[in-house]
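Laboratory data are not the source of any read-out in this text; all were calculated from the coordinates shown. Since we're looking at a predicted model, the values are computed, not measured. Note that each Cβ is placed from the backbone with ideal geometry, even for glycine, and that neighbours are counted across all protein chains shown.
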Amino acid sequence: MSTIHRLRKALKTVDTLAVPTIDARTISRHRRALDQADEAMMSWMAEFQNPSDDSPTEEVMVYLNNEKKAIIQVRDSMMNSIKATSDLLERVKSNPTKN
């Protein structure tokens, strides 16, 4: 999550650069992807409930398996947005064209 926050901050600096190969919509799309991944993690954490010790084992296993699927989706969303934004920022860094 700290990586997402760092990348979001780095995207703000790109807004002020004149990089002809990257437009404001691209930056906005990457920022939204980071925001959505961050929000997905925050929501998952807020909604997760540890099963009680007296819950039936079958119910606990179903719940935990569903939560595992959900957090894998969150992880994938986070990793994909981090990778895409990192790649974008690397392109900016390697082509620092200013007008």
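Data for the structure
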| item | result |
| --- | --- |
| Spin-label zone in segment 60-82 - amide nitrogen under 18 Å from a point set 7 Å from the Cα of residue 36 along the C-beta vector | 70-82 |
| Simple Cβ-charge dipole of segment 34-99, Lys/Arg +1 and Asp/Glu -1, about Cα centre, in debye nearest 20 | 740 |
| Over the chain: helical MRE at 222 nm, DSSP H runs n ≥ 4 each giving -39500 (n - 2.57), nearest 500 | -27000 deg cm²/dmol |
| If the convex hull is drawn through the Cα atoms of segment 1-90, its volume per residue in Å³ | 84 |
| Burial ranking of peptide ranges 54-62, 70-78 (average Cβ count within 10 Å, highest at the top) | 70-78, 54-62 |
| Cross-link pairs 12/83; 12/68; 9/69 - those with Cα-Cα distance over 22 Å | 12/68; 9/69 |
| C-alpha long axis of helix 24-47 to longest principal axis of the chain, angle in ° | 20 |
| C-alpha long axis of helix 57-94 to longest principal axis of the chain, angle in ° | 10 |
| Potential extension, residue 8-residue 70 segment - 0.36 nm per residue separation minus Cα distance | 19.9 nm |
